Structure formats: structure tokens, C-alpha cells
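The values are calculated or read from the model by the stated rules, or taken from the named source; none is laboratory data. Just so it is clear, the structure is predicted and the values come from calculations on it, not from any experiment. So basically every Cβ, Gly included, is an ideal-geometry build from the backbone, and we count neighbours across all protein chains shown. Areas reflect the complete protein model, heavy atoms only, side chains present, ligands, DNA and RNA absent. Shrake-Rupley method; radii C 1.70, N 1.55, O 1.52, S 1.80 Å.
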Amino acid sequence: MINTALRQATPRTVLVVEDEPTLATAIAQRITAEGWTARVASDGSSAVQAAAQLKPDLVIMDIMLPVMDGLEATKRIVAARPVPVLILTARDDEADKVTGLGAGADDYMTKPFSMRELIARCKALLRRVERAKAIAKNSENEKVLDFGSLVIDPAQRIVTMNGEPVHLTPTEFDLLTTLARKPKSVLTREKLLEEVWDWVDASGTRTVDSHVKALRHKLGSQTIRTVHGVGYAFEPPEQEQHE
């Protein structure tokens, strides 16, 4: 079932997917206070339909939903049209977060959370979309990053491993490319937040950790090295010597 929150003339539309009416209303009202348009869906199936109709700029998705859970809904929404998704989870379990990011989400928040933090995350994701467009344009003439078995094409946003394509979310691709442009160099979590998420504070360093875990799951645990207390470094795979 889909409800309409108060609207204002704005190019920003946020789809809120939450089956708890009180929380859904609170989030929608806070979004409207920002001058954005908010729509609310109370189950995963309705969310997929609403996303197709509204083409929102951002989706806030609860994981535990009736009819269709938030992970499946996220997969379908992102597959149909790239859009930033912020997932909400009641469980502070790292495996759940990695699963959510693997479904195509760009960020997550654990309940309970502050509305101020939620809006800050939403603004960062929206800024990141605009920034990604500029980065993509600047990458049109960037050379392919060829590490032998692992090849990254920034212009076409394609990653292959051993000749086979690897499906990465937009955030995963940007994180990998940012690290791979400086092989073996250590980038702090704060630097990665700034470069990939366009965040100016350290409130989301755990988000970086979760995305790194998702990348390791897809590319191998040795691809990204942890420098404890500092950040991460890209470790190029062993390259074969060719005549």
C-alpha cells in the first residue's frame, strides 16, 4: 500500500519503505521539512512498483518488510534503474549489513537512529550521485587499470577477473577504483569517505569497513589489505610475465 506525504515543489523525491506507520510518518515528515518530496511504501512489493512509477532520487529501505523483504526489493529496484539506497536494519550484525550492501544498497543505518543523522546520510548520498556523474565524465579518457587477472575500466565502469565480469554496485566500483589508482598506498577511512561518499566527517567509517568486506567477498580476501588503525590499501594480484 502506497501513501503520499506532504509535497513541495522540488526535484528531489525520496521513497521511504517502512512498515511501521509511526516511524514511516516521522521519516517522511523530516524529509518534507528538508524541502524534498516524500512517498511511503509499507511493503517490498509496493516499493518496487512505486520506484518504477516515481523514479525516486533516493530510497530509504527497511530490511524486515511484509510481502517481500527489503533485500529482494532493493535488488529489483536497483536492477531496474540505478538509484542510491539507504537500508535500515534493526540488527547490528555485520553479516546482515554486508548482505544488504551486496543486494545493491549504498549505505545502511542501524535502528534506533537520529533523524539528523539520517538526513545527513541522505544528503551525502545525493551529493555522491552528482559527484559520480562528474567523475564519470572525467574518466572518459582514463586508461584501463590492468593488473593481469584483475582489470578495471573506469570509463566503461567494468571490472573483470580472469576474463569474467564481476558485478559491483556503483559504490563498490568507486571504492575499488579509488584504491586501485594508488596500488599499495594506504588510504585512511576518512579519506575514502571523502573521496567515495563525499562525507566530511568520520561518522561513517564502519560503512567503509562493510563495503570493503563486500568487495573482498567478490574479489578475494587478498585484494584489499587492512592497515589496522589507519585504513586500507589495494594489493594488485600477482601478474604473469608475458613475452
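Return the carbon/sulfur percentage of the accessible area of segment 156-240, one whole number, probe 1.4 Å, all protein chains in place.
That share works out to 50 percent.
Full-extension gain between Glu194 and Met64, please, as 0.36 nm times their residue separation minus the C-alpha to C-alpha distance. Could the numbers behind the result be given before it?
Numbers: separation 130, 0.36 × 130 = 46.80 nm, distance 3.05 nm.
Once the chain is fully extended between Glu194 and Met64, it gains 43.8 nm.
Which loop-located trypsin sites (Lys or Arg not before Pro) does segment 4-92 contain, where loop means any DSSP state but H, G, I, E or B and the Cβ has at most 15 other Cβ atoms within 10 Å?
Of the trypsin sites (Lys or Arg not before Pro), the ones in loops of segment 4-92 whose Cβ has at most 15 other Cβ atoms within 10 Å are Arg7, Arg91.
Using modelled backbone amide H atoms (1.01 Å from N, in-plane), which distant-in-sequence or interchain residues come within less than 5 Å of Asp107's amide H?
It is Val85, Ile87, by chain and number.
Ordering His217, His211 from largest to smallest accessible area (1.4 angstrom probe), what's the sequence? Don't skip to the answer; put the middle values down first.
Numbers: His217 155, His211 0 Å².
Reading off the accessible areas and sorting them downward yields His217, His211.
Solvent-accessible area of Thr22, probe 1.4 Å, all protein chains present, reported in Å² to the nearest ten, please.
Result for Thr22: roughly 100 Å² accessible.
Report the extension gain between His167 and Thr22 in nm, rounded to one decimal, defined as 0.36 nm multiplied by the number of residues separating them, less their alpha carbon distance.
Length gained between His167 and Thr22: 48.5 nm.
Please sort by residue number the trypsin sites (Lys or Arg not before Pro) in segment 143-236 whose DSSP state is loop and whose Cβ has at most 11 other Cβ atoms within 10 Å.
Lys143, Lys184
Per-residue HN-Hα couplings for segment 208-216, Karplus 6.51 cos²θ - 1.76 cosθ + 1.60 at θ = phi - 60°, whole Hz, x for Gly and Pro?
4, 4, 5, 5, 4, 4, 5, 5, 4
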